[in-house]
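Below is one structure; the comments refer to it alone.
The values are calculated or read from the model by the stated rules, or taken from the named source; none is laboratory data. Remember, predicted model here, so these are calculated numbers, not experimental data. Glycine gets a Cβ as well: all are built from the backbone with ideal geometry, and neighbour counts include every protein chain shown. To get the accessible areas, we keep the full protein, side chains included, count just its heavy atoms, and leave off ligands, DNA and RNA. Shrake-Rupley method; radii C 1.70, N 1.55, O 1.52, S 1.80 Å.
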Amino acid sequence: MKRSLFLCVVLLLGGVAFAQVPDSVYVRTHYEKQEVYIPMRDGVKLFTTIYTPKDKTKSYPFLMQRTCYNVGPYGANKFERTLGPSKYAMYDGYIFVYQDVRGRWMSEGTFDNMRPNIPGNDRKNKTAIDEASDTWDTIDWLIKNVKGNNGKVGQWGISYPGFYTAAAIPDAHPALRASSPQAPIADFFFDDFHHNGAFLQSYLAAFAVFGYQKDTPTDKSWYDDKLMRFRDQPVADGYDFNLRIGPLKNATAKFHNDNFFWQQIVDHPNYDAFWQQRNLLPHLKNVNHAVMTVGGWFDAEDLYGPLNIYKSIERSSPAAKNTIVMGPWAHGQWSSPDRGATIHNHINFGDSINTFYQREVERKFFAYHLKGEGNGTFAEALMFDTGKKEWRKFDAWPPKEIPPAKLYFGANGKLGVNQPQPEQAVFEYLSDPAKPVPYTSQTERLVFTPRQFMSDDQRDASRRPDVLTFETDPLTDEMTLAGEIMARLKVAMTGTDADFIVKLIDVYPPDHPNYKHNPANIVMGGYQQLVRHEVFRGRFRNSFEKPEPFTPDQITEVNFRLQDVLHTFKKGHRIMIQIHSTWFPYIDRNPQKYVDNIYKANEEDFIKSTIRVYGSSVVEVGGGEKLDTKIDNSKR
C-alpha cells in the first residue's frame, strides 16, 4: 500500500487505493524478513527491510524501492501482504528491498523534498550526498552483505518513489541493471505542486505529509495533528471551501504557517535557483543500464515526469536501453490487480489492461535484465490509444509516422483542421476570479489529489460565458492526434496578468450509447471527454525565471506546451478546443492584476479582466519532432 504518491492521505481521505493480495501467507511461507540499518558515506543510517526467498538452491537479483512514505509494517515478525511491483515478481522470486529515505520514518538524517542531484558526484566524497549517492551506498552494502544474490539490482517506484528511482539513474552503481521510474516526479515547478508555475491549490491539504521534520526515527506518523487542520474541516464542497479561504496568504496563516515546504513554495514563486537545482532532467546523462519509464495518460499528478524523463534520456544517451509505456490510467492505477474493466471516471477502456502490463511488460522487463530470461525484445514506446482503446507500438516517441495537425479558431466557434479560418475573428470573455470555472463537472469534497476529472465531461464548461469553445463538424473519417502539443495564442487583456487553460476534447456523437457501469445521470450522447489539458501562467510567457506583466490591451504571444497525446477521434465524433483563464480549485486563482508574488496577494488585488483571443492563434499537434516553445528554458 505504500507504492502510491500521497499514500498517507489516500488512506486518510479514501482516494484511489491499491488492492492487496488477500493476505501475507504466501510471503511468510516463501520469504525471510530482516530489518537493518545501512550506513551511508556521511555516517547517516537508513532503515531497510529485506525479504529473501527461503529457497536457497539458486541466487536471486535484488528488486528495490526507496520511499518517503514508509516501509511498514515494522517489526521482524510483521510481513507485507504482497512484495514487488506486482504478484508476478513476488512469485518469480527476487530479494525485495524497501528503504525509508533519509529523514523519513525509521531512517536517520534530514528530509529534503526533491533533494538536488550533485553533478558528477564523487562517490568517495563523504560529505556530498544526494539520492543517487544514498542509492549507490545501499546497493554496495546489499551486494556485499546479503547472501544468495546474483550481483544484479533492479529498482522501481511509483510517484515520489518513482522520483527516487529516477534520481538513482545518474552515476549509477555498476550492479544497477534495470530501473523503472513510474509516474515519477521530474521537476516540482512543472509536476505535482505546479504546472508551468501555476500552483495546484487542490494540493493544499497534502503539505502536512511533506513539510515537517521528525525529531527521531519513528514508526508512527509525526504529522497527524497537522493533517487534522484539514480533516477537521466540515467540507461537503471543495470548490466552496477553497473559495472561502480567499487569497493564498490566508492559507499560510490558517494552515501552513509552520510548514517548511509551504514556506519554500511561498518564498520561491518563480523558477529560480531553488527550483532549478531540483530539476532532475539535466542530470540524466550517460545512462548505461535499462530504463523503462511508465505513466498514465490520465495522471493528474505526474504526466510531465514520465514523458520528459524518457525524452531526456533519449537525447542524452541515445544508445541507452530506454523505453516508455503509457496506458489509460490515473496515477499508479496500473499497479492494481484487474477487476475486469479498466475504467477512468466514466470511460471504459477495456478488460485485463493491468494484467497485460504487469505480466507481459513489467514482469518480462525485470526478468530479462536481472535474470537473463526471455528474448529481451521490448517496444521502444508502448502507448495506449485512448480513442481507439488499443495498444500501439512505436519505434520512437514522439512518433514520426502519424502526420501532424494544426487546429485553427474560426468565427461562430468553428475549429478548422489544417486550414486557417478565412475570417480572422476576435473572441473575448470576462474572467472573474471571484467566480472561477470549476475544474470538474461534479461536486467533490475536499480532495488531496484530484484524479477523475482528467477524462471528465466538459459540457458544463462549454455553457459558461467565460469559456471559449471551438469544435469541428462531425468527422467523416477517423483522425489520430499523436505526440507533443503546442498552444500558440495571441491574446490581449484589460488586466496585467492572466492564466490560460487550453483543453483538447473528444465530442461524442448524440447517439452514443450509455455505459452500464455509469450512474443513470451520466449521458454519453454528446459527452465532451477531456483528452488533454494544460495551464500556463501568462507572466512566464518569456521566462519562467523572470516573470513580467502584460501591457493592457496590447496583443501578446503566449506559447506553451501541453503534455503529449495519443488519441484517435473516431468517425462521427468532433474535435473541440476550449480556452479559459480559471480552473478552480485545481489551479489557484491568478489575481489578474500583476503582483510580484501571488502567494502574498491581497483580496483587493483580484480583479475582473476582459481577455481577448485572436483567430490567428493555433494549436499544433505532433510531427515527430520537439516543438519549439519560444520560451527561455535554458535552465530547465
statement: T252 meets each of (1) among the β-branched types (V, I, T); (2) open to solvent by less than 20 Å² (accessible area, probe 1.4 Å); (3) in a helix (DSSP H, G or I) with one exception, condition (2)
- request: Would you check if K87 is surrounded by fewer than 18 Cβ atoms within 10 Å (Cβ to Cβ), basic (K, R) and either over 23 Å from D140 (Cα atoms) or in contact with a strand residue (DSSP E or B) (Cβ under 7 Å, 6 or more places away or on another chain) (or both)?
  value: yes
query: Going through the stretch 200-232 one residue at a time, which ones are in a loop (DSSP other than H, G, I, E, B), of a type outside the set (V, I, T) and more than 25 Å from D605 (Cβ to Cβ)?
result: G211, Y212, Q213, K214, D215, P217, D219, K220, S221, W222, Y223, D232
- line: Taking the stretch 417-434 and keeping only residues that are without any contact (Cβ under 8 Å) to a residue 60 or more places away in the chain and over 17 Å from I577 (Cβ atoms), one is left with P422
- request: Check P170 against each of (1) more than 18 Å from E35 (Cα to Cα); (2) out of contact with any strand residue (DSSP E or B) (no Cβ under 9 Å at 6 or more places or on another chain); (3) open to solvent by 10 Å² or more (accessible area, probe 1.4 Å) and name the one condition it does not meet.
  value: (3)
message: Going residue by residue through the stretch 231-239, is there one that turns out to be on the phi > 0 side of the Ramachandran plot, modelled with pLDDT under 95 and surrounded by fewer than 22 Cβ atoms within 10 Å (Cβ to Cβ)?
response: no
query: Restricting attention to the stretch 172-185, does a residue exist that is among the hydroxyl-bearing types (S, T, Y) and closer than 24 Å to E108 by Cβ?
result: no
- request: Tell me which residues, restricted to the stretch 495-525, are touching a Leu at 6+ places or on another chain (Cβ under 9 Å) and either under 30 Å from K546 (Cβ atoms) or of a type outside the set (V, I, T) (or both).
  value: F500, V502, K503, L504, D506
- prompt: Pick from the stretch 316-342 the residues that are part of a strand (DSSP E or B) and at pLDDT below 95: which of them is surrounded by the fewest Cβ atoms within 10 Å (Cβ to Cβ)?
  reply: A341
- request: Return the only residue of T293, T355 being part of a strand (DSSP E or B), at pLDDT 95 or above, under 23 Å from the mean Cα position of the chain (by Cα) and hydroxyl-bearing (S, T, Y).
  value: T293
- prompt: Among the residues of the stretch 186-199, which ones are in a loop (DSSP other than H, G, I, E, B) and under 20 Å from P161 (Cα atoms)?
  reply: A186, D187, F188, F189, F190, D191, D192, F193
message: Among (1) polar (S, T, N, Q); (2) at pLDDT below 95; (3) crowded, with 17+ Cβ neighbours inside 10 Å, there is one condition Q20 misses while meeting the rest; what is its number?
response: (3)
- prompt: Under the condition of being among the β-branched types (V, I, T), in a loop (DSSP other than H, G, I, E, B) and out of contact with any Ser or Thr (no Cβ under 6 Å at 6 or more places or on another chain), which residue from the stretch 475-496 is nearest to E620 (Cα to Cα)?
  reply: T476
